[in-house]
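The values are calculated or read from the model by the stated rules, or taken from the named source; none is laboratory data. Remember, predicted model here, so these are calculated numbers, not experimental data. Here the Cβ is made from the backbone with ideal geometry for all residues, glycine too, and neighbour counts use every protein chain on show. To get the accessible areas, we keep the full protein, side chains included, count just its heavy atoms, and leave off ligands, DNA and RNA. Shrake-Rupley method; radii C 1.70, N 1.55, O 1.52, S 1.80 Å.
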Amino acid sequence: MNTKVPVLNIIGPVGIGKSSTANAISEVLEYDHALPHAVVDLDHVRRGFPPPKDDPFNKELGFKNLAAVWNNYRSLEAKCLIIPNVMESNEDLNKIRRSVPGADLFLVRLVASLDVNHARIRGREKTVESLNWHLQRSTQLAEELAVKKLEHVVVDTENKSPSEIAREIIRKWGIVEWHGSTVDGSL
């Protein structure tokens, strides 16, 4: 039995399309390759209010929940894991490794111009306060992540559909070949 767990971590600033891309990758892996997998959006599993004062983004809760949820998916024979998340440090990556024993991380950073990223944010945020916070945070994170270079590859999302982005990432990740899946889903 292979003890390595291929983990695709889709990183980037808020509003860049991490969750949409994860969902598109999931659809391609399911419908084109019948490859057992799971998607755990850390934004969803750490959402709770109020967060602890020393952990304003509820990161610790997210990593604890990731471990519990992954264990459940693994019992259902998921072969790989897709995690959309901002991911700001090597420390956070190590917490993923602790949450997912055997994690073999592949990081993809999604990028787009600030104009495109901000237009996406404007299309989804419902309040002025939330909009302003997300616009500021996306600018800050885009700059920080470009400097930190945590990723293995960068994928430009401008002028591409989520499906196109998904297929590009799947090729670069090599997950289909890793599992020996074919286009018709047979192994």
Query - Filter result for Val100 (under 16 Å from Ser19 (Cβ atoms) and either within 19 Å of the chain's Cα centre (by Cα) or surrounded by 20 or more Cβ atoms within 10 Å (Cβ to Cβ) (or both)) - result: no
**Report entry** Of the criteria (1) assigned to a loop (DSSP other than H, G, I, E, B); (2) open to solvent by less than 40 Å² (accessible area, probe 1.4 Å), which one Pro6 fails
**Finding:** (1)
Query raised in the report: What do you reckon, is Glu158 part of a loop (DSSP other than H, G, I, E, B) and either within 17 Å of Val5 (Cα to Cα) or open to solvent by 20 Å² or more (accessible area, probe 1.4 Å) (or both)?
Result: yes
Query raised in the report: Applying the selection to the stretch 16-34, what residues are assigned to a loop (DSSP other than H, G, I, E, B) and open to solvent by 10 Å² or more (accessible area, probe 1.4 Å)?
Result: Gly17, Asp32, His33, Ala34
Report task. Consider Val108 carefully, then state whether it is in a loop (DSSP other than H, G, I, E, B), under 29 Å from Ala34 (Cα atoms), under 16 Å from the mean Cα position of the chain (by Cα) and not charged (D, E, K, R). Result -> no
Requested in this report: Determine whether Lys148 is open to solvent by 80 Å² or more (accessible area, probe 1.4 Å), touching a strand residue (DSSP E or B) at 6+ places or on another chain (Cβ under 7 Å) and touching a residue at least 60 places away in the same chain (Cβ under 8 Å).
Outcome: no
Query raised in the report: What pairs can you find where one residue is in the stretch 42-64 and under 20 Å from His134 (Cβ atoms), the other is small (Gly, Ala, Ser) and part of a loop (DSSP other than H, G, I, E, B), and their Cβ atoms are less than 8 Å apart, with a gap of 6+ or different chains?
Result: Asn58/Gly48
